[in-house]
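Accompanying notes for the structure given below.
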Amino acid sequence: MSQNPEPAFPLREKRVVVIGGTTGIGFAIAELASSLGAKVVVGSRSLDKVGAAIKRLPGSTGHAVDLADETSVIRFFEGVGAYDHLAVTAGDWDTPMFGSIRDLDFEQAKGLLTVRFWGVLAAVKHGIRTIAADGSITLTSGLLAQRPRPGTVMATALGGALEHLAKALAMDLAPIRVNAVSPGLILTDVVKQRSSAAVEAMVAPLPLPRTGTPHEAAKAYTYLMTNGYATGQVLAVEGGGLLI
């Protein structure tokens, strides 16, 4: 049976929504999608960051959205309207994520779920109301989900939850495609706050002994947006971290 040829520019004129799209990997996704012809909509809790991102992304639009507030999420997608692809990279870096279970503050740990899990669920729940029938959703986990280290109990559990969530949603929302990207150590502003010695020690054992760039991570998201036969997958971009 003959197949229709793939379009040369599969994101051209598509509307791509990136929540967390004003910094780091999220901004890199927005920038790459825009360069591939997409009409980009960025979302962030900070309206100032939304404004700054739009200035750097010609033809883009954006709205403030607080994933901790379901009403804010509803308003965000009402403002977005119809669109084709959603990527969620937003994370709450205000709450400490690392530490041993021996020292776990349960109230603080519950707070980690507010944006990174419940907020993601809210984005999916309300985002599917206007997404295209052949659209896609891409979530974000992390290498720790598969390669935990001492002191990463919550980060590992959250990453694992998002990977399984992507698989469950792929079944629940089909034919809308749902996947996840699992970045390793990507040189975002958060990573830049760590000492160079600490970063070097983390990447030294890797087959590719360096940090990844946000643009390298972004390519995984646009691949999952444009490959119409990929769903329920976790795509790792981690310099070979899964091998060690």
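The values are calculated or read from the model by the stated rules, or taken from the named source; none is laboratory data. Quick caveat, the model's predicted, so the values are computed rather than measured. Cβ placement follows ideal geometry from the backbone for every residue including glycine, while neighbour counts extend to all protein chains displayed. In case anyone asks, the SASA skips ligands and DNA or RNA and just uses the protein heavy atoms, side chains included. Shrake-Rupley method; radii C 1.70, N 1.55, O 1.52, S 1.80 Å.
The requirement of being more than 19 Å from the chain's Cα centre (by Cα), farther than 25 Å from A236 by Cβ, touching a residue at least 12 places away in the same chain (Cβ under 8 Å) and crowded, with 17+ Cβ neighbours inside 10 Å is not satisfied by A53. Checking each residue in region 116-149 for being surrounded by fewer than 22 Cβ atoms within 10 Å (Cβ to Cβ) and within 30 Å of I244 (Cα to Cα) picks out F117, Q146, R147, P148, R149. May I ask you to list the residues in region 1-36 that are open to solvent by less than 30 Å² (accessible area, probe 1.4 Å), in a loop (DSSP other than H, G, I, E, B) and either at pLDDT below 95 or at negative phi (or both)? Residues satisfying the conditions are L11, G21, T22.
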